[in-house]
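For reference, the structure discussed in these notes is given below.
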Amino acid sequence: QVQLVESGGGLVQAGGRLRLSCAASGGTFSGYDIGWFRQTPGKEREFVAYVDWIGFRTYYSDSVKGRGTISRNNAKSTMYLEMNSLKPEDTAVYYCAVGPSGTNYRSAVAYSYWGQGTQVTVFS
């Protein structure tokens, strides 16, 4: 069992930046692929970013490409999502997740463990 705890959410003015963190415990973090998703009320969980287990391959949704950076520190069992040029439409609950290597990275159902989520609200 892997436990994930997100932090770093909050209120941010449009155009600003933030850095979300996700600390993992209870498992072999380095062996998992990592994803960040977000969700707004009434909508399905949406893929945001992905990094593979060694930090080599990264993918981003079109909505954050060029504004987001996903990274991981396996020594600290922590993953990060940095976003800049934030927009009101980035407002959502952001979730980190881990899945087995080779995960179908865009699909939420492919991930095995999830954090509890952290709220990000972007105001104009």
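The values are calculated or read from the model by the stated rules, or taken from the named source; none is laboratory data. As the structure is a prediction and not an experimental result, all values here were calculated from the model. We work out accessible area using only protein heavy atoms, side chains counted, and drop any ligands, DNA or RNA first. Shrake-Rupley method; radii C 1.70, N 1.55, O 1.52, S 1.80 Å.
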Here the percent of antiparallel bridges among DSSP beta bridges lying wholly in the chain, to the nearest 5, is 90 percent
At q = 0.14, 0.15 1/Å the base-10 log of I(q)/I(0) from the Debye formula over the alpha-carbon atoms of the stretch 10-124 is -0.51, -0.59
Using alpha carbon positions and the Kirkwood radius, the Rg to Rh ratio of the stretch 1-68 is 0.98
note: the stretch 30-95, Cα-Cα separations exceeding 19 Å make up a percent value of 31 percent
Computed over the stretch 38-99, protein heavy atoms only, probe 1.4 angstrom, the accessible area per residue in square angstrom equals 50 Å²
Scaled by the rule-of-thumb 2.2 N^0.38 Å, the alpha carbon Rg for the stretch 74-116 gives a ratio of 1.38
If amide H atoms are modeled at 1.01 Å from N in the peptide plane, then the residues at a separation of 5 or more from Val120, or on another chain, having amide H under 5 Å from its own are Gly10, Ala92, Val93, Tyr94
With all protein chains present and a 1.4 Å probe, the order of Ser107, Ser101 from largest accessible area down is Ser101, Ser107
Contact order relative to length for the stretch 7-124, counting C-alpha pairs under 8 Å separated by 6 or more residues, stands in percent at 35 percent
Probe 1.4 Å, all chains present, heavy atoms only: Ser21 accessible area in Å², nearest 10, is 30 Å²
